[in-house]
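What follows is one structure encoded as structure tokens, with my remarks underneath.
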Amino acid sequence: MKKVKSDNRTLIIDGKQFELEHQIKDVRIIDNLAVVIYDFDKNAPRHRQFQNCKAFDSNGKLIWTAEHPTNMTADSYVEFMKGRGNKLWNFGCFICELDFKNGKLKNAVFTK
């Protein structure tokens, strides 16, 4: 995997296009996977966690969905943190570090 980008709900991996279920806020290549954070938009679930961080292989196949640090229904990932490597900012005010091989949470630090 050499290049990823997005356009609304379309994930583009090395020129191949894949339509996803939600609008894409950000995407990065990490460990040869396209790691996507969906935008919290009008189509996001309101009564359960928004499973909005997912990883796809070069064929657009879903490999994993990221684990959240809490079981709160409002939980979702907001963005990759600037200047913090591949750590993610979580809506519940957690700085999260994932195992990008399987989407499991390695570490979460509450910051509020």
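Return yes or no: is Asp7 over 20 Å from Val109 (Cβ atoms), touching a strand residue (DSSP E or B) at 6+ places or on another chain (Cβ under 9 Å), in contact (Cβ under 8 Å) with a residue 60 or more places away in the chain and open to solvent by 90 Å² or more (accessible area, probe 1.4 Å)?
Details: over 20 Å from Val109 (Cβ atoms): yes; touching a strand residue (DSSP E or B) at 6+ places or on another chain (Cβ under 9 Å): yes; in contact (Cβ under 8 Å) with a residue 60 or more places away in the chain: no; open to solvent by 90 Å² or more (accessible area, probe 1.4 Å): yes.
Taking the combined requirement at face value, the residue does not satisfy it.
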From the set of residues in segment 59-77 that are within 30 Å of Gly15 (Cβ to Cβ) and open to solvent by 40 Å² or more (accessible area, probe 1.4 Å), which is farthest from the chain's Cα centre (by Cα)?
Asn59
Tell me which of these Asp31 doesn't satisfy, since it passes every other one: (1) free of Cβ contacts under 8 Å to residues at least 40 places away in the same chain; (2) open to solvent by 20 Å² or more (accessible area, probe 1.4 Å).
(1)
Please state which of the following conditions Lys82 fails to meet, knowing it meets all the rest: (1) open to solvent by less than 80 Å² (accessible area, probe 1.4 Å); (2) part of a loop (DSSP other than H, G, I, E, B).
(1)
Can you list residue pairs whose Cβ atoms sit under 6 Å apart, with the first residue in segment 37-62 being of a type in the set (Phe, Trp, Tyr) and the second being in a strand (DSSP E or B) and open to solvent by less than 40 Å² (accessible area, probe 1.4 Å)? Count only pairs 6 or more apart in sequence or on different chains.
Phe56/Ala34
For the list (1) in contact with a Phe, Trp or Tyr (Cβ under 7 Å, 6 or more places away or on another chain); (2) open to solvent by 20 Å² or more (accessible area, probe 1.4 Å); (3) closer than 26 Å to Val109 by Cβ; (4) aliphatic (A, V, I, L, M), I need the number of the one condition that Ala55 fails.
(2)
So which residues in segment 34-52 are open to solvent by less than 30 Å² (accessible area, probe 1.4 Å) and of a type in the set (A, V, I, L, M, F, W, C), if there are any at all?
Ala34, Val35, Val36, Ile37, Ala44, Phe50
Which of the residues that make up segment 74-112 are among the β-branched types (Val, Ile, Thr) and closer than 20 Å to Gln23 by Cα?
Val78
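Output the residues belonging to segment 85-99 that are part of a loop (DSSP other than H, G, I, E, B) and either over 18 Å from Leu33 (Cα atoms) or in contact with a helix residue (DSSP H, G or I) (Cβ under 8 Å, 6 or more places away or on another chain) (or both).
Here is the first cut: in segment 85-99, the residues part of a loop (DSSP other than H, G, I, E, B) are 85-87, 91-93, 99.
Within segment 85-99, Phe91, Gly92, Cys93 meet the criteria.
The values are calculated or read from the model by the stated rules, or taken from the named source; none is laboratory data. Keep in mind it's a predicted model, so treat the numbers as computed, not measured. Neighbour counts are summed over all protein chains in view; Cβ atoms, including those assigned to glycine, are modelled from backbone coordinates with ideal geometry. We work out accessible area using only protein heavy atoms, side chains counted, and drop any ligands, DNA or RNA first. Shrake-Rupley method; radii C 1.70, N 1.55, O 1.52, S 1.80 Å.
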